[in-house]
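Participant: Quick one: structure below, then a few questions.
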């Protein structure tokens, strides 16, 4: 066995014994960021049989172009979170401050259906974000084109541009089912 390998293994063992290695709690906490939104990373047919997951190259999502890599996209990257939070809040949140993770999903049926998901960093931030989102989307909610959901620190805006009532109800039922599944 080489001296370098022995020295490296010994050093790793010393660090572990000294408590310098990351704790399982710290690793788990990092892993959990965004996990509350993960059940909402769905393909179109999982929401309703008439929906397909929109191809990025077909979607006019210019504001998301620099950060959108996938559809649906769940991200904890600060740049992506900032952009998705700005779009979800029509720039009234001031970026992604207080948001740990964000989800963007766009589907196509008769027209477009979309989801914006934001995982707040704390219950207080969730309260603040919820107030902003509900104020922004209240008009469209009255028109039946948007619904805002909250489960703990997770907020989701579901919206559409004119899909059938059966499709819209199925989408919303699935969002509620997925958001409450972790309870």
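The values are calculated or read from the model by the stated rules, or taken from the named source; none is laboratory data. Just so you know, these numbers come straight off a predicted model, no measurement behind them. Glycine also receives a Cβ, built like all others from the backbone with ideal geometry; neighbour counts cover every protein chain displayed.
Participant: Can you find, within segment 86-101, the residue that is farthest from the chain's Cα centre (by Cα) among those that are free of Cβ contacts under 8 Å to residues at least 40 places away in the same chain and buried (at least 23 other Cβ atoms within 10 Å of the Cβ)?
Facilitator: 96
Participant: A further question on this structure: Scan segment 144-162 for residues that are modelled with pLDDT of 95 or more and out of contact with any helix residue (DSSP H, G or I) (no Cβ under 8 Å at 6 or more places or on another chain) and report the count.
Facilitator: Matching residues across segment 144-162 total 1.
Participant: Residue 141 versus (1) in contact with a strand residue (DSSP E or B) (Cβ under 7 Å, 6 or more places away or on another chain); (2) surrounded by fewer than 18 Cβ atoms within 10 Å (Cβ to Cβ); (3) in contact (Cβ under 8 Å) with a residue 24 or more places away in the chain: which is the lone unmet condition?
Facilitator: Only one criterion is unmet by residue 141, namely (3).
Participant: Residue 40: modelled with pLDDT of 80 or more and either within 18 Å of residue 88 (Cβ to Cβ) or not assigned by TED's automatic domain parsing to the domain that holds residue 173 (or both), yes or no?
Facilitator: yes
Participant: A further question follows. Applying the selection to segment 43-74, what residues are modelled with pLDDT under 90 and part of a helix (DSSP H, G or I)?
Facilitator: Correct list: 56, 57, 58, 62, 63, 64.
Participant: Pull up segment 104-128, narrow it to residues that are within 14 Å of the chain's Cα centre (by Cα) and more than 19 Å from residue 161 (Cα to Cα), then point me to the one that is surrounded by the most Cβ atoms within 10 Å (Cβ to Cβ). First the steps, then the outcome.
Facilitator: Step one: list which residues in segment 104-128 are within 14 Å of the chain's Cα centre (by Cα), which gives 104-106, 114-121, 126.
Those left that are additionally more than 19 Å from residue 161 (Cα to Cα): 118-121, 126.
Working: 118: 29, 119: 27, 120: 22, 121: 16, 126: 21.
This residue is 118.
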